[in-house]
Amino acid sequence: MDKIQINGGRKLYGEVSISGAKNAALPLIASAILVNGKTRFTNVPDLMDIKSIKLLLEDLGATCQSSQGVLEIDGAHIHKIEAEYDLVRKMRASILVLGPLVARFGHAKVSMPGGCAIGARPVNMHLSGLEALGAEITMDHGYIEAKASRLIGNEIYFDTPTVTGTENLMMAASLAKGTSVLRNAAREPEIVALADALNNMGARISGAGTAIITVEGVQNLSSSEIAVIPDRIETGTFMVAAAATGGDVLIKDCEPEHLGSIISKLKAAGAEILTYPDSIRVMGKDPIHSVDIKTVPYPGFPTDMQAQFMALMTIADGNSVIHESIFENRFIHANELLRLGADISISSGNLAMVRGVKKLQGAPVMASDLRASASLVIAGLVAEGTTVISRVYHMDRGYEFIEKNSHNWTPISFESKKIPDMR
Ligand code: EPU
């Protein structure tokens, strides 16, 4: 198991390019199941989660060929409708194959995703949505089974906006008979990207990016070429890293339009930010001002940036309140930040009070999930001395960068390297 060692206490300077978005690529790859032919994706990030969903599609019988960010999937020979436990347990987003499988083949069996480090993460709204489209849903021996000779368009209301739920239902409704209306839908850029891709394949979807999405079902979808949008969470992570270290970083190949909440909060924290059509320059300033945040669905502040922002607030000039309203257990990184000298107290499970300290000190820490890993990297960059982060396999699920990209920076101004765990 690899570890990352960071010799911190230095400012970050340089340029970095952003990869395709993990959370956009996953539903796009699942959407290839809807097509009886080839779908070609470009700007696909090289990540563990992408390998996991590719393996899952291959297990179903799809052919996947990938090279240098291009992934071609041929769904013509899919012959299996069952997503097995061993493949699903590695990645909860595997639930994204449920909608496409039942829509195209009338039958799907997907292992029930379990809870994970950040909370229980139920899929009840995915299932009630499919039921509204006429699927018969049963649960048996840890598997969800969905059956419908053909899905029928209907009204679907989400109690709370769900990202993968909206994606699953948008994909399923694309091949349903008649029109579906998804109300209180998620509005994330990844939803818009999926709707655009499905429309490219011949679907008829309008309203993506708003809370009401209308899907007029079609008989079939056809081959298409789709570019994955830039990763807004990777972008935000670099922005916070630049601000936290007082550096000056140009983040290229990103989409500033998707970063509104992060830009506002970083400006409030005192950072200077310049935006260009596809890049953002962040100049960190001393002192960093304390800012409160509350995580909410897009366009609000993303839960996937909460841990990184908490790392920034540990060295702010006052107290900040962080309210995590999406997941019930997403403060595990706080205990590790304490090991670096941060002053954080958690009350009532979803509120954290961060009292800014003058400096952090390097220490061994352990990553608990993907975004927690990123927060520890940021804290390690800020801390004086050496920080060793273990369990960094979490980070490989969602970041191509950290120790790799840092070598391309000009000038390289922090040292981080992966070291093999000798235990
Ligand atoms: N929820 C339900 N029932 C459902 C579905 C969701 O109660 O059927 C609840 C969840 O428990 C949560 C809220 O609804 O409280 C929103 O969860 P959502 O369904 O939107 O989360 P998700 O689709 O499982 C995606 C991202 C996550 C990101 C969340 C929130 C992907 C593959 N994953 O998860 O990304 O945190 O939306 O924005 O898109 C990450 O990349 O590190 C990550 C965890």
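The values are calculated or read from the model by the stated rules, or taken from the named source; none is laboratory data. Keep in mind that what you see is a predicted model, and the values were worked out from it rather than measured. Neighbour counts run over all protein chains shown; Cβ positions are idealised from the backbone, glycine included. Areas reflect the complete protein model, heavy atoms only, side chains present, ligands, DNA and RNA absent. Shrake-Rupley method; radii C 1.70, N 1.55, O 1.52, S 1.80 Å.
Data overview
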| item | result |
| --- | --- |
| Average accessible area per residue (Å²) across region 41-167 - probe 1.4 Å, nucleic acids and ligands excluded | 43 Å² |
| Label zone at residue 321, where the point sits 7 Å out along the Cα-to-Cβ direction: region 271-310 residues whose backbone N lies under 17 Å | 290-296, 301, 310 |
| Farthest positive-ward along the chain dipole, Cα basis, beta-carbon charges - from 337, 368, 226 | 337 |
| Check: region 125-187 dipole with +1 on Lys, Arg Cβ and -1 on Asp, Glu Cβ, in debye | 280 debye |
| Heavy-atom accessible area order for 126, 258, 79, largest first, 1.4 Å probe | 79, 258, 126 |
| Whole-Hz couplings from phi, Karplus 6.51/-1.76/1.60, listed for region 121-126; x for Gly and Pro | 6, x, 10, 4, 6, 4 |
| Interchain or long-range residues, amide H under 5 Å from residue 315's placed H | 357 |
| Spin-label model distance (nm) - residue 159 vs residue 42, 7 Å beyond Cα toward Cβ | 4.3 nm |
| The chain, relative contact order in percent, only Cα pairs under 8 angstrom and at least six apart counted | 21 percent |
| Residues residue 220 and residue 10, FRET efficiency given R0 of 51 Å [Cβ-Cβ distance, rounded to 0.05] | 0.40 |
| Full-stretch length increase - residue 358, residue 138 - with 0.36 nm per residue and alpha-carbon distance subtracted | 73.7 nm |
| Estimated distance in nm for a label pair at residue 128 and residue 248, the labels positioned 7 Å out from Cα along Cα-to-Cβ | 5.4 nm |
| Nonlocal amide H pairs with residue 221, under 5 Å, H built at 1.01 Å | 36 |
| For the chain, size of Cβ-based charge dipole, Lys and Arg +1, Asp and Glu -1, in debye | 420 debye |
| Sites residue 386 and residue 117 - FRET efficiency at Förster radius 30 Å, r taken between beta-carbons, to 0.05 | 0.75 |
| Relative contact order (percent, whole number), region 153-245, Cα cutoff 8 Å, 6+ residue spacing | 28 percent |
| FRET efficiency for residue 345 and residue 67, using Cβ-Cβ distance with R0 set to 41 Å, rounded to 0.05 | 0.25 |
| Largest-first ellipsoid semi-axes for the chain, taking √(5λ) over the Cα gyration tensor eigenvalues, angstrom | 38, 21, 20 |
| In degrees, nearest ten, helix 232-245 long axis to first principal axis of the chain (Cα) | 0 degrees |
| Cα-centre dipole for region 151-197 with unit charges at Cβ (Lys and Arg positive, Asp and Glu negative), debye to 20 | 180 debye |
| The chain, helix-only ellipticity at 222 nm - DSSP H runs n ≥ 4, -39,500 (n - 2.57), divided by all residues, nearest 500 | -8500 deg cm²/dmol |
| Most to least accessible of 314, 164 (protein chains only, probe 1.4 Å) | 164, 314 |
| Accessible surface of the chain, 1.4 Å probe, proportion on carbon and sulfur as whole % | 49 percent |
| Positive-end residue of 102, 117, 61, charge dipole of region 58-130 with Cβ unit charges | 117 |
| Projected label distance in nm at residue 55 and residue 335, using a 7 Å step from Cα toward the beta-carbon | 2.8 nm |
| Reach of residue 11 by Cα under 30 Å, taken over lysines that are not fewer than 8 positions away in the same chain | 3, 22, 252, 265, 267, 285, 294, 358, 359, 404, 417, 418 |
